[in-house]
Amino acid sequence: MGEQALPYALTIAASTGQPIHLVHVHVPLAPLYTPAMAGVESTLDPTIRAREVEGLQKVRERVAAATSVPVTTQMLDGDIAESVAEYAQGKKADLIVMSTPGRGAASRFWFGSVADKLIRRATTPILLIPPGKNGTDLHRPVRLSRLVIGLD
């Protein structure tokens, strides 16, 4: 799902010559307070995080093969919106590019929206990419021919 934003990020990075910072946020498991499950999160959480690190590295390899701009990765831990906003601010990023899951209003209300939280928290401009039906082709530049800028 998050990879839907990659073609946009690659196109922008290639046109500006700026590096790409691929960031993934691991959300630690909430402690389980049932006697039968006590301590499960302490053994399961590192396994999940290790898989996420491996997945991030695979994405980096794919992206690096599709572009000549430098590509770095960073694994963060904590709240997704807070972590991404802080990382972008610390790197003095010019733009955050991310995809949205395309959920409806009810699930946004129930689960919250990372994009909504990030918009409210970040001081860095954000480009949100809606989910697409097609696969993610990293070798096809995205053509940005029309922009709409809302001015309130």
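Exactly one condition in (1) under 23 Å from PRO28 (Cα atoms); (2) at pLDDT below 90; (3) surrounded by 13 or more Cβ atoms within 10 Å (Cβ to Cβ) is false for VAL142; which is it?
(1)
Every residue in the stretch 106-136 that is open to solvent by 70 Å² or more (accessible area, probe 1.4 Å) and either in a helix (DSSP H, G or I) or at pLDDT below 90 (or both), please.
ALA106, ARG108, PHE109, TRP110, PHE111, LYS117, ILE119, ARG120, ARG121, PRO130, LYS133, ASN134
From the list GLY39, GLY55, GLY17, exactly one residue is exposed (fewer than 13 other Cβ atoms within 10 Å of the Cβ), modelled with pLDDT of 90 or more and more than 26 Å from PRO130 (Cβ to Cβ). Which is it?
Exactly one of GLY39, GLY55, GLY17 is exposed (fewer than 13 other Cβ atoms within 10 Å of the Cβ), modelled with pLDDT of 90 or more and more than 26 Å from PRO130 (Cβ to Cβ), namely GLY17.
What tally of residues in the stretch 58-84 results from selecting those that are surrounded by 15 or more Cβ atoms within 10 Å (Cβ to Cβ) and closer than 15 Å to GLY17 by Cα?
So the answer is 6.
The values are calculated or read from the model by the stated rules, or taken from the named source; none is laboratory data. Because the structure is a prediction, the values reported are computed rather than measured. Neighbour counts are summed over all protein chains in view; Cβ atoms, including those assigned to glycine, are modelled from backbone coordinates with ideal geometry. We work out accessible area using only protein heavy atoms, side chains counted, and drop any ligands, DNA or RNA first. Shrake-Rupley method; radii C 1.70, N 1.55, O 1.52, S 1.80 Å.
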